[in-house]
Every structure is written in structure tokens, then in C-alpha cells.
1. I need the full set of residues from the stretch 235-264 which are part of a helix (DSSP H, G or I), touching a residue at least 40 places away in the same chain (Cβ under 8 Å) and over 16 Å from E149 (Cβ atoms), in order please.
2. Working only within the stretch 250-266, note down all residues that are modelled with pLDDT of 90 or more, surrounded by fewer than 13 Cβ atoms within 10 Å (Cβ to Cβ) and over 13 Å from L142 (Cα atoms).
3. Among the residues of the stretch 59-102, which ones are without any contact (Cβ under 8 Å) to a residue 40 or more places away in the chain and aliphatic (A, V, I, L, M)?
4. Restricting attention to the stretch 161-187, report how many residues are part of a helix (DSSP H, G or I), open to solvent by 10 Å² or more (accessible area, probe 1.4 Å) and either of a type in the set (S, T, N, Q) or touching a residue at least 24 places away in the same chain (Cβ under 8 Å) (or both).
5. If I go through the stretch 293-328 residue by residue, how many of them are aliphatic (A, V, I, L, M) and either at pLDDT 90 or above or touching a Pro at 6+ places or on another chain (Cβ under 9 Å) (or both)?
6. How do the pairs read when you match residues in the stretch 281-305 that are over 22 Å from E82 (Cβ atoms) with residues anywhere that are among the aliphatic types (A, V, I, L, M) and open to solvent by 30 Å² or more (accessible area, probe 1.4 Å), using Cβ under 9 Å and keeping only pairs 6 or more apart or on different chains?
7. Select from the stretch 188-202 the residues that are out of contact with any helix residue (DSSP H, G or I) (no Cβ under 7 Å at 6 or more places or on another chain) and part of a helix (DSSP H, G or I) and write down the one among them that is modelled with the lowest pLDDT.
8. On the given criteria, is D211 closer than 30 Å to F146 by Cα and surrounded by fewer than 16 Cβ atoms within 10 Å (Cβ to Cβ)?
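The values are calculated or read from the model by the stated rules, or taken from the named source; none is laboratory data. Fair warning: this is a prediction, and the values are worked out from it, not measured in the lab. We place every Cβ from the backbone using ideal geometry, glycine too, and count neighbours over all the protein chains shown. Protein only, heavy atoms only, side chains kept; ligands, DNA and RNA dropped before computing areas. Shrake-Rupley method; radii C 1.70, N 1.55, O 1.52, S 1.80 Å.
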Amino acid sequence: MNEQFLPTVLRTLINNIDAVDDGIMVEMQGLADKVYSEFKAIQGIIKNLLIQGTTDVVDTTDFLDNRWNELYDSGLMKLLKEYKDELSDKKDEESVAFKNKVVEILKNSVNLLPSEAELLTQLKKGGKNRGIDVYTMRLDKLRTEFTREFINIDEEIFDAQVAAFKRRIVDIFTEDNGGKLGHLLPVSDFDTTDEWLTAFAERYLAKSRYDQFKVAFVMLSEFSLTVRGFLMHRIRDRIDKLNPTCYDDQRLSDEDEAKKIRLSLSRKLKDVKEELLQKFQDELFREPNRVFYAIISEFYDRLNFSYQANMKDAEKTWEKFYSEHLIEIWSSEFQDDMKLSELYRDWSELSDSLSKITKQDFTSNI
């Protein structure tokens, strides 16, 4: 008996050990991510402590004044407005990728219909498999599978579009020809733009003066475009027409009943497809582009008009933000003025050492 059950016992033990190991790895990975995040925060604090005496060497007010128009008007806000205008021009255009996918779904929906042979097999089972019962069940299945095809658009189309949309905005804020914030919070430290947007809002916009900016960045990080969110409630009434109304329940032979069910399913699906295509052509193919425009418009307005409805007040708030972080953002431009100072040498050596430590270093030893 022991020999008979020993392999089963050993397999159970091994499976339990593997499950425990997986749980430990997940826990350790989470801990590593948390430690790395705290390390980055400490790194920033150390940098600030080392460079707090910089104002004795460089006039930071003049430094920022000389660069402000190039950074703000000709860089960051110019690029952001250009992207907003670009999306404005597209807001009444059809989303090509979305349209192509919907047309493909409607075209291929005929493949969701059961064959006559499949229906005949089911009818021959008897019992509750009368014509109307089989017809109703097949309509329910058709409606569910049809809906699922639309839900799949999220992963196949919308996820990539949203990621590209957010990436474009993050690039505007982080690249040197834009907001230069990549020097403050490198994009390479994060797996996704959502993580960068959230981290930037939490780390650098915590002060009350930046409340509206923080709302904008959090809103952008949480933005998603989904079929359930903007589409299903607008086409559901069409899909619900896949129902058993007007079905003639007159008893026929199983063979003739199978043909009748197949023909009725096909006709209902054809009618629904035609109504859906008309609905999409009338308005829904344009909807994704309109959503993207609405989001960037809200984002842009919060960054420019959130303070007493005055763009100048918003600009002064941004100027205050950059003045608080200008040494990190323009660190390379401080080198000439600071290169002879002990402060700069300390900052440069420590900065180089810290920058070589990556997120991977925190996880590779797990």
C-alpha cells in the first residue's frame, strides 16, 4: 500500500512546494519594487541636499529667466498644443483601425452560425430539444459570441491606441525639446507610461499649489478606452434583436426544422449586421478619435486655465515648479559654472554612482 500511494504523496508535496515558492517570489518581487521606489526617493533627497548651496555659485533666477520662453512657450506648451490641434483635426474622421476591425467582425459573424448538421444532431436528442428551444438556445449563444467579438477590440485595437496616445504626451513632457522632465524622472525607470504619470503626480505634484496639475496627470494615467465603456450600451439594442420573436413553432421533421432554424438565424443576423453597420457609419467609427480629443483637451485646459481661469497664473505655477527642480533638470548646464567647486564634484560623483543602480539590480538577486 505504501508503494502504491508514495508517488501520489510525493507529487502533492512537490506541487505544494512549487505553489509556496511562487507565492514567495510574488511577495519578494513586490518588496523589491517597493524598495527600489524608496531608493529613488532617497536618491532625490540626497541630490537636493548636495546641491542646495548652488545658489551661492549660480544666479538661479537669471538662469531660469534666460531659458523660460524656450522651455515653456516654444517647447512644452507649443508641442502640447500642436498635439491637441492634431487630434482636433482628426476628431471628425473615422478611426481606420477601429473601422477595419468592426467590418471584419461583421463580415466574419456568419461563421458563428451553427451548421444544419449541428442543429439536426441537437434536435434528434429529443426531450427539451424542441425546435423553439434549440432556436432560443442558439440565439442566446450567437448573441454572446457576437458580443465577445466586439469586446476583443479592446486588446486588439484600443489598448495600443491608448498606449501611443499617452506615450506621445509623456514624450512631450520628458524629452529635451519639450518639458525636459526626463532629467527629473527618467521614463526608463518605469515599465509603462501609466506608472510614470502616476509616479510624477505623487512625487512632484504633492504640494497644494499643484493640485490641478496633479488631477490632470492622474486623470491621464487612469484613462482607458474600452468597448464596454463607450460602445456596448450604444449597440446593445441592435444586438438584442437576436431574440426568438416571430418564430413559427409549427412542428416539422427534424431535417426541415434544422433548415428552418438555420435560415431564421441567418436572416436575423443579417438584419442586425446591417443595422449595426449603419449605426457605426453614422457616428461610431468617429468615436475613438473624439474621445482622444476630449481627453487631451481636458488635460491641456487643466494645465493652462485651472488657476483663476487665467493662463498667466498657470504659467507662473509651472515656473515655480521648474525653479524648484532646475538644478536637476539642467544639471549638465550647471557644470561649467560649478566644475571648480567641491559641491559639484561631490554631486557629480554621487549622481553617477546612483544613476548606475537600476530596478533590475533590486530584482536580480531574488
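1. D254, E255, E257, A258, K259, K260, I261, R262, S264
2. Of everything in the stretch 250-266, just one residue is modelled with pLDDT of 90 or more, surrounded by fewer than 13 Cβ atoms within 10 Å (Cβ to Cβ) and over 13 Å from L142 (Cα atoms), namely L263.
3. V96
4. So the answer is 8.
5. 4
6. From residues that are over 22 Å from E82 (Cβ atoms), the pairs are F285/V96.
7. In this case the residue turns out to be S188.
8. No, not satisfied.
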